[in-house]
Structure formats: structure tokens, C-alpha cells
Amino acid sequence: MLTTNELERYDRQIMIKGFGEEGQEKLKRARVIIAGGGGLSSPSSIYLAAAGVGMIRIVDNDKVELSNLNRQVLHWDKDIGRRKVDSAAEKLKKLNEGVEIEAIDEMITEANVSQLVAGFDLVVDAMDNLPTRYLLNKAALEKDIPFFHGAVYGFEGRAMTIIPGKTACLECVYHGTTTPEEKFPVIGVTPAIIGCIQAAEVIKYIVGIGELLTNRLLICDGLNLKFTELKVKKDPNCKHCGHLGGKE
Amino acid sequence: MGIIKINIPAYMQSFTNNMEVVEVNGSTVGECLNHLVKQFPGMKKQLFSKNGNLFENIIISVNGESAYPEQLAKPVKEGDELNIVLIVGGG
């Protein structure tokens, strides 16, 4: 049940066809884990908190550095040296007091990933490396939790939504490929675009409206401002999701 | 063997005289990429490792669909459109 305050706060999105008070109540009940507290996490968490997602857990074990501030807009000059999750939680609570924010200062590993995502309705991939993305992909598949992938490089962005057992997963698309773990170029507008797309997908999934970004990897070429798609299929021999069956 | 178009990603266009689209000939993805490299030798280091394999972090799509697992061996025909997709992991 929405309060009078909530009805006013979310009035403009409740007006959207297919959204309504029922959609807003679904958002209020939703529990979302955002893996990462940096560039992609900033826009996705801001817009999910603003939209009224009931509970957001943010996991990251980094501290804020000066070189983060060109893109990680949840963190400000005053936050340099603070734990990113604390900095993020503070801003998000101020943005929307009605949203529960949980800050987990941990590195996501094979040992803890399953426990971290357990009990959540959706996983947002806001990581900065592919190996951890594969851990999250696998854990989300095992626990039957939808997984919202995003990644960036320079002005290039990628996004895809994964519904366990039904659509292609990250491993189906990338086949375990990794990229060198080195400092990568990026400008803030790229994770802003991709993080907002991830948040839009999360909201659409929870509310149950629109068409999801499934079985297609969105490719954003920010330099030419062109969006293209790579059509992908669920791989029946996929190491992560092949055993789950479902449509190809 | 007809004309196939390869869309060049923005970050690689400095190696193709800023051309966004390059027309090539070939009956497989590999032949098309070789023809691309013949026209623009700077593309070789962007696509292939020293031993001549396509970099692992590159996906080639044919008419929007991933060429995996055939990749270079995948047949193409006149009018097909190839895209070079870089796998990225930053966040």
C-alpha cells in the first residue's frame, strides 16, 4: 500500500500507461543488489532510488579516489578516501529517505558471490572487470535471479538483460573472454548512458512493462552516437546456463 | 564473390582513413577481414594477434548476428554486412 506522500512523489511515473499504483507497489517491494559502487553504479543506483525501489544493496570494497570523480557522480571531492559504499549510501539516502540502502564493503569473490546475491530479486552488473561479471552471471543463473549487464570503454558501452533459463547469458555471448585488467579509458557520459539503460531495464522488469533487452547485446557508440545490436542466442552448450534448458 | 560491407567502429576509424564503412570481397568472414587489412594495413594489429588469430576480445557479427563459433570460417554472401564488436569490461 502506498502512502499519500508516495502517491505524490511518484505521481508522474504512476501516470505511465501500464505502470500505475500497482507498478509502484512492485518497485517498493523489490530488492535489488548492485554489484559495484563506481561509474555504472552511480547512475543506476540514483535512478533506482529515485524511482522508489524498496531496497538496494551496494557491494564494493574500494575507496574513493580523485581519478574516480570524472564519472562516479555519487562520489564528490569531500569523499576522497572514504569507502565508496558509505559515500554512495549517504547520497542515496538523502535522495530518497523511503528507500532502504545497504552498504556492503566487500570484494565479490567466488566464495561470497552466492551469499551476496541470495534473497535478492535482481542483480545489476556494475563491475569494472569481466571475471567478476562471470561470477555474478553464474550465481544469478544458479539462484534464478535476472541479471542486468552493463560495461563501458571510452565512449563505447554495452548492455544486456539476462533472464535465467530463458535467454542468452553473459557466457553465451562472451564465452569466458577476458580483457586485460588495466586502467581503461572512460568519460562519465558513457556509464551514465549505460547505467541509465540498466536502471530502465530493472524498472521495466519489476513493473512488468515493455520489451526487455534480452537475446541482444546493445552496442552504444558514443562517438558517432549510434546504437546497434548484436543478436545472440542461448547456447545449449553454455558452461553457465546450458543445463538450464529453455529456448535457444 | 560479391561486395560485403564492414562497419568500422569509431575507435578504429583512424586506421581506415576515417571511413565508417569499407567495402570488401570475400566468401568467408576471414577473407573479408583479410581484404580489409589489404586495403588498410593498420587494421591488422587491431584485429589479429602476432600468430594471426582474431583477438579473443573481438566478436564479428554478420547481419547483426554473432559469427561465433565459426568466426573467420563463417560463410558470407554479397550484400552481407559485418560489424566488429569489441568486448569491453569497464564499469
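Odds and ends about this structure:
- Approximate spin-label separation A:T4-A:K78, in nm, with each point projected 7 Å along Cα-to-Cβ: 3.3
- Computed over neighbours whose Cβ is under 11 Å from that of A:A151, the net charge equals -1, Lys and Arg +1, Asp and Glu -1.
- The protein assembly as shown - share of DSSP beta bridges that are antiparallel (%, nearest 5): 60
- Estimated [θ] at 222 nm from DSSP helical runs (n ≥ 4, -39500 (n - 2.57)) normalised by residues in chain B, nearest 500: -4500 deg cm²/dmol
- Overall form of chain B per C-alpha gyration tensor (a/c, 1.5; a/b vs b/c): rounded
- Net charge of the neighbourhood of B:N25, taken over other residues with C-beta under 15 Å away and scored Lys/Arg +1, Asp/Glu -1, is -2.
- The alpha-carbon of A:K17 sits under 19 angstrom from the alpha-carbons of these lysines, leaving out residues fewer than 8 places away in its chain: A:K26, A:K28, A:K204.
- Shape of chain A, Cα gyration tensor, a/c cut at 1.5: rounded
- Sum of -39500 (n - 2.57) over DSSP H runs of 4+, divided by residues of chain A (222 nm, nearest 500): -10000 deg cm²/dmol
- Shown is the FRET efficiency for A:K94 and A:K166, computed with R0 = 30 Å from the Cβ-Cβ distance and rounded to the nearest 0.05: 0.20.
- The packing ranking of peptides A:32-39, A:214-221, highest mean first, is A:32-39, A:214-221, where packing means the average number of other beta carbon atoms within 10 angstrom of each residue.
- Residues of the stretch A:169-192 with an amide N closer than 16 Å to a point placed 7 Å from the Cα of A:F227 along the Cα-to-Cβ direction: A:190-192.
- 25 Å Cα-Cα threshold exceeded, pairs from A:K231/B:K77; A:K143/A:K226; A:K138/A:K226; A:K233/B:K50; A:K138/A:K234: A:K143/A:K226; A:K138/A:K226; A:K233/B:K50
- Förster-model FRET efficiency, 30 Å R0, B:T28 and A:R31, C-beta, rounded to 0.05: 0.05
Only the coordinates and a few stated rules stand behind these numbers; no lab work does. The structure displayed is predicted, hence computed values, not measured ones. Don't worry about glycine lacking a Cβ; one is built from the backbone with ideal geometry, like all the others, and counts go over all protein chains shown.
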